[in-house]
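The values are calculated or read from the model by the stated rules, or taken from the named source; none is laboratory data. Predicted model, so just to flag it, every value in this text is computed and none were measured. As a convention, Cβ positions derive from the backbone with ideal geometry for all residues, glycine included, and neighbour counts pool all protein chains shown.
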Amino acid sequence: MDTSSYLSRRERVILAHLALPVTLNQIAMSLFVSRNTVKTQCRSIYRKLEVNDRDSAVRVGRERGLLADDPIEDDEDVEVVQQRDHTSTR
């Protein structure tokens, strides 16, 4: 495997969030970083996985064992991200 295809720990965290039905803004807020930081990390993930979009990144991530095979069905994870989204606007 080419070393350029390895994802950093933070990129793996972002990839796991990409598998959830949340926006980039929500991902950024839940990780306490800017949306631009998330976008930059996504571009790096896409480049390393040799894909062009979120769905393909998630699919390839699962194929390579970087993500669970099954989509995350736990609404609690999504709810936490959404709660952070709402509380940060107060």
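Matching residues to (1) crowded, with 19+ Cβ neighbours inside 10 Å; (2) touching a residue at least 12 places away in the same chain (Cβ under 8 Å); (3) under 20 Å from A68 (Cβ atoms); (4) in contact with a strand residue (DSSP E or B) (Cβ under 7 Å, 6 or more places away or on another chain):
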residue	(1), (2), (3), (4)
Y6	no, yes, yes, no
R9	no, no, yes, no
H17	yes, yes, yes, no
A28	yes, no, no, no
N36	no, no, no, no
K39	no, yes, no, no
R43	no, no, no, no
N52	no, no, no, no
D55	no, no, yes, no
Completion exercise
Residue count, the stretch 1-21, condition outside any helix (DSSP H, G or I) and under 9 Å from the mean Cα position of the chain (by Cα), comes to 2
Practice task
Count, please, the residues in the stretch 29-49 that happen to be out of contact with any Leu (no Cβ under 9 Å at 6 or more places or on another chain) and either farther than 19 Å from G61 by Cβ or in a loop (DSSP other than H, G, I, E, B) (or both).
Solution key: 5
Fill in the blank from the handout: For the stretch 57-90, the count of residues that are surrounded by fewer than 17 Cβ atoms within 10 Å (Cβ to Cβ), closer than 17 Å to T23 by Cβ and modelled with pLDDT of 95 or more equals 0
